[in-house]
Amino acid sequence: MQARLRSDPPAPRKMNPEVSPQVEEIILRAMAFEAKDRYPSAAALAADLDNSQRVPVTGRAARLRRRGPLRLHSLHSRPMRAAVVLLILLAVTAVLMLRAMRKI
């Protein structure tokens, strides 16, 4: 669930090439981040599932944000937070030591 809040899901057809482009559109619309982009009701979702051949393919999958090697959300992991805090403490300590040395 947390991963969904931080980035788009992988394209369904990349995970299973047998998924039709129309069903991929339905899945991605149902999982859209913004409520206004999702189905307004379960009935609307069911209607598209029942008539998936009629769902227009909008290229929604091509607009998904790709995961890169390092994203800002990776700072939320416990080891990464500890490393960032340690680096900040080291930087502050270095600045204080330099100031103390200049006074001597």
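The values are calculated or read from the model by the stated rules, or taken from the named source; none is laboratory data. Please read these numbers as outputs of a predicted model, since none were measured by experiment. Glycine gets a Cβ as well: all are built from the backbone with ideal geometry, and neighbour counts include every protein chain shown.
Six or more apart or on different chains, Cβ atoms under 6 Å: show the pairs whose first residue is in region 43-72 and of a type in the set (Gly, Ala, Ser) and whose second is modelled with pLDDT of 85 or more.
Partner pairs satisfying both residue conditions: 52/22; 52/23; 61/24.
I want to confirm something. Restricting to region 15-31 and keeping residues that are in contact (Cβ under 8 Å) with a residue 24 or more places away in the chain and within 16 Å of the chain's Cα centre (by Cα), which single residue is surrounded by the most Cβ atoms within 10 Å (Cβ to Cβ)? Step through it out loud before you land on a result.
Step one: list which residues in region 15-31 are in contact (Cβ under 8 Å) with a residue 24 or more places away in the chain, which gives 20-26, 28-29, 31.
So of that shortlist, the ones also within 16 Å of the chain's Cα centre (by Cα) come out as 28-29, 31.
Values: 28: 20, 29: 17, 31: 14.
Among those residues, the one meeting the criterion is 28.
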